[in-house]
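Peer 1: This structure is in structure tokens; I'll ask about it shortly.
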Amino acid sequence: MGAQILPATAERFDDVETMLGPKRGPDAIACWCLTYRLGGRASSRLDAVERRDAVYDLCSQSPSPGILAYLEDEVVGWSSVAPRSQVAELADPKKYPRVDDVEPWSIFCLRTRGGKRRQGIGQQILRGAIEFAWANGAEVIEGYPLGSTEKLAPAGVRVSSRTLALASDCAVSV
């Protein structure tokens with residue numbers, strides 16, 4: 001069964017919170033997918049409520065900060081996707097050089113809900129993130145797969161064979 005992919009809007013914020021919010025209670029600190037978007041320093045200054053509010057504000061904008069994946073009526077996935085200029089951690093041109101003058105869109109977080117992994121949902125989320133970027137004017141799309149085995153320069157990210165398989169299954173060059 002295929003996942004339905006929808007923008008992460010303020011109207012769907014309960015589902016965004018399910019995917020990104022803290023699991024140990026509303027006062028616990030969770031990433032909320034802000035570390036890359038705002039930068040590590042800026043993100044670390046936010047308490048739990050401020051993080052939630054920051055993501056709600058992003059979901060109130062157009063385009064939304066990412067996409068949600070649903071199986072039937074249950075949220076099962078998330079991906080953060082935005083123009084690179086809106087992602088503070090990708091702003092360093094020495095670490096992340098541009099190939100040309102075209103503003104790339106970046107897919108920098110992809111999450112499948114526990115209990116739903118290894119069912120092909122990650123591939124559907126990645127395809128949905130790519131389609132979302134194209135639909136919002138992207139000419140170039142980049143991604144930063146994180147895994148645990150190989151280190152890639154210059155970004156210093158680690159890529160697992162599973163992550164590479166996910167990208168290649170979606171016809172993405174890595």
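Peer 1: Which ones in the range 101-157 are over 19 Å from ALA91 (Cα atoms), surrounded by fewer than 14 Cβ atoms within 10 Å (Cβ to Cβ) and modelled with pLDDT under 90?
Peer 2: GLY114, GLY115, ARG117, ARG118, SER148, THR149, GLU150, LYS151
Peer 1: What residue, among those in the range 47-61 that are buried (at least 16 other Cβ atoms within 10 Å of the Cβ) and touching a Ser or Thr at 6+ places or on another chain (Cβ under 9 Å), is nearest to ARG118 (Cα to Cα)?
Peer 2: CYS59
Peer 1: Here's something else I'd like to know. Which condition breaks for GLN86 when tested against (1) in contact (Cβ under 8 Å) with a residue 40 or more places away in the chain; (2) out of contact with any helix residue (DSSP H, G or I) (no Cβ under 9 Å at 6 or more places or on another chain); (3) open to solvent by 50 Å² or more (accessible area, probe 1.4 Å)?
Peer 2: Failing condition for GLN86: (2).
Peer 1: Quick one: would you say VAL76 is in contact (Cβ under 8 Å) with a residue 24 or more places away in the chain, in contact with a Gly (Cβ under 7 Å, 6 or more places away or on another chain), among the hydrophobic types (A, V, I, L, M, F, W, C) and under 20 Å from GLY21 (Cβ atoms)?
Peer 2: No, not satisfied.
Peer 1: Report, by residue number, each residue of the range 8-49 that is touching a residue at least 40 places away in the same chain (Cβ under 8 Å) and among the β-branched types (Val, Ile, Thr).
Peer 2: THR9, VAL16, THR18, THR35
Peer 1: Please specify each residue of the range 8-34 satisfying the condition of being among the β-branched types (Val, Ile, Thr) and either modelled with pLDDT of 90 or more or surrounded by 20 or more Cβ atoms within 10 Å (Cβ to Cβ) (or both).
Peer 2: Listed by number, the residues that qualify are THR9, VAL16, THR18.
Peer 1: Please enumerate the residues belonging to the range 89-100 that are in a loop (DSSP other than H, G, I, E, B) and open to solvent by 40 Å² or more (accessible area, probe 1.4 Å).
Peer 2: Matches in the range 89-100: ALA91, ASP92, PRO93, LYS94, LYS95, PRO97, ARG98, VAL99, ASP100.
Peer 1: Being hydroxyl-bearing (Ser, Thr, Tyr) and open to solvent by 70 Å² or more (accessible area, probe 1.4 Å) narrows it down to one of SER64, SER80, SER44, so name that one.
Peer 2: Among SER64, SER80, SER44, only SER44 is hydroxyl-bearing (Ser, Thr, Tyr) and open to solvent by 70 Å² or more (accessible area, probe 1.4 Å).
The values are calculated or read from the model by the stated rules, or taken from the named source; none is laboratory data. Since the model is a prediction, treat every value here as computed from it, not as a measurement. We place every Cβ from the backbone using ideal geometry, glycine too, and count neighbours over all the protein chains shown. The area values use the complete protein model at the heavy-atom level, side chains included, leaving out ligands, DNA and RNA. Shrake-Rupley method; radii C 1.70, N 1.55, O 1.52, S 1.80 Å.
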